[in-house]
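The values are calculated or read from the model by the stated rules, or taken from the named source; none is laboratory data. Since the structure is predicted, the reported quantities are computational estimates derived from the model, not experimental observations. As a convention, Cβ positions derive from the backbone with ideal geometry for all residues, glycine included, and neighbour counts pool all protein chains shown.
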Amino acid sequence: MKLVEGFSKLSKKEKIEFLTTNYLGEFSEAEQILKQYLNQDVKLQRLHDEFIENTLTNFYLPFGVAPNFTINNKNYVIPMAIEESSVVAAASKAAKFWGQRGGFKAQVLGTEKVGQVHFTYAGNENDLTEFIYQIKPDLKAAVKSITKNMEKRGGGINEISLQNKTAELANYYQLHCTFETKDAMGANFINSCLEEFAQVLKEKAALLLAGKLEVIMSILSNYVPNCLVKAEVSCPVIELGKTREEAEKYAHKFIQAIQIAEIEPYRAVTHNKGIMNGIDAVVLATGNDFRAVEAGVHAFAAKEGRYRSLTHAKIENDEFKFWIEIPLALGTVGGLTSLHPLVKLALALLQHPSAEELMKIVAVAGLAQNFGAVNSLVTTGIQEGHMKMHLMNILNQFEANLEERKQAIEHFKTNTVTHSSVVDFLQSIRN
């Protein structure tokens, strides 16, 4: 089949017809499904259509809430957008458990973000160093119109420095730039500044620098190790069980599970994926870039040369302590935060947090999720709770009616949920 020309210029109806004719001929329900998920509110649908190119319909995720979070002595109901069945339940359970023990504490350790202009230079390094020092005022002057409003809010450019990377790649240098973007995630702001820096760098190098300087690219980094937040919980060890012996045994086993994730990458990846279940769900619900957060977080987990757990636990002075330190570049203004109706609702639900407050909330969601997962792993096992939540998915798959659902829920209160056991049960009551 030859390449299609001008696909983006086709109407939505024409796009669907093209796909149905050429790719979805055997999928007889395709057109009906695509139309079924369109919003009947024309204005709202147009808004969604314009988020990306070639929109056909909407892809729904459940939007739920996890109640009972106490963070720095303030109560929250945390919005989550996610399809995995046990995430909201686990977070809610952890929130209630720690709410009865003083709640979560969280603090922002830094908010610095990073962008770089990558370039090559084949001349003398000392000449380049002097050149960069000489043009710094020109670099800052070139972005005055861009930084003006950000500076009014207390943000702007923190530092511009030259980094020599020639030991790793021939002739490679970078302008390493740090920024403060306050309540904005700041991607557009940072990238706009960097592109201006690149232009000044090229123009001034042609006039003042011996040797050829070539700009390769200008782009922000999603690795933000200095945009850091810490969340933690603690309680006397005795509060972790019905007896001191039970509590000490539980605490010791929990800490060992964390230590395994600190030294074993195979476990650490799954361990951290569970943390990101909670983090991504809140990041998505609040209109932030969960892919950027994921990339930065996983780079941070490997910052010591080995991929490790993001959470840590210990007993100190008979006190159980469990915490996370994680980089989170988030925003509460700009982008989807001012466009998507559900994002607006999510931020309202969180009482209109600043970017720093949102960092704390998201870190707490990740810590709560990890506590719920590790707690299950070292007690009942992960499948018991997960499969009970998954029961409804299996019943939906086999189109169970209301009476069948009612009987299945009652039956599996005392029986193990597996895909085959649910199928067998449905067959038995249908026969």
Residues located in region 4-39, provided they are among the basic types (K, R) and surrounded by 13 or more Cβ atoms within 10 Å (Cβ to Cβ): K12, K15, K35
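Conditions (1) among the small types (G, A, S); (2) touching a Ser or Thr at 6+ places or on another chain (Cβ under 8 Å); (3) surrounded by fewer than 17 Cβ atoms within 10 Å (Cβ to Cβ), marked per residue:
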site	(1), (2), (3)
V237	no, no, no
N272	no, yes, no
I279	no, no, no
T286	no, yes, no
E294	no, no, no
R308	no, no, no
D318	no, no, yes
Considering residues of region 324-360 that are among the aliphatic types (A, V, I, L, M) and more than 24 Å from E112 (Cβ to Cβ) only, the residue surrounded by the fewest Cβ atoms within 10 Å (Cβ to Cβ): A348
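Every residue, every condition in (1) of a type in the set (A, V, I, L, M, F, W, C); (2) not in a loop (DSSP other than H, G, I, E, B), yes or no:
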{"site": "L347", "(1), (2)": "yes, yes"}
{"site": "F371", "(1), (2)": "yes, yes"}
{"site": "S376", "(1), (2)": "no, yes"}
{"site": "E399", "(1), (2)": "no, no"}
{"site": "K406", "(1), (2)": "no, yes"}
{"site": "S428", "(1), (2)": "no, yes"}
Any chance you could count how many residues in region 211-229 are surrounded by 17 or more Cβ atoms within 10 Å (Cβ to Cβ) and either over 30 Å from A187 (Cα atoms) or under 19 Å from the mean Cα position of the chain (by Cα) (or both)? 8
Quick one: which of A205, A210 is out of contact with any Lys or Arg (no Cβ under 8 Å at 6 or more places or on another chain) and outside any helix (DSSP H, G or I)? A210
Could you please let me know if Y76 is more than 23 Å from A329 (Cβ to Cβ) and not charged (D, E, K, R)? no
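Results for (1) within 30 Å of A91 (Cβ to Cβ); (2) part of a helix (DSSP H, G or I), shown as yes or no for each residue.
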site	(1), (2)
K13	no, yes
F27	no, no
I33	no, yes
K43	no, yes
R46	no, yes
I52	yes, no
L61	yes, no
N75	yes, no
P79	yes, no
Report, by residue number, each residue of region 263-307 that is closer than 18 Å to P327 by Cβ, in a helix (DSSP H, G or I) and among the charged types (D, E, K, R). K273, D280, R291, E294
Can you tell me which residue within region 148-202, out of those that are part of a helix (DSSP H, G or I) and under 14 Å from A329 (Cβ atoms), is nearest to the chain's Cα centre (by Cα)? A187
Residue hits (region 203-255; under 27 Å from T178 (Cα atoms) and without any contact (Cβ under 8 Å) to a residue 60 or more places away in the chain) are E203, A206, L207
Which condition number does G102 fail, the rest of (1) under 30 Å from V237 (Cα atoms); (2) small (G, A, S); (3) not in a loop (DSSP other than H, G, I, E, B) being met? (3)
Flag for E245 being closer than 21 Å to A95 by Cα, of a type outside the set (A, V, I, L, M) and at pLDDT 95 or above: no
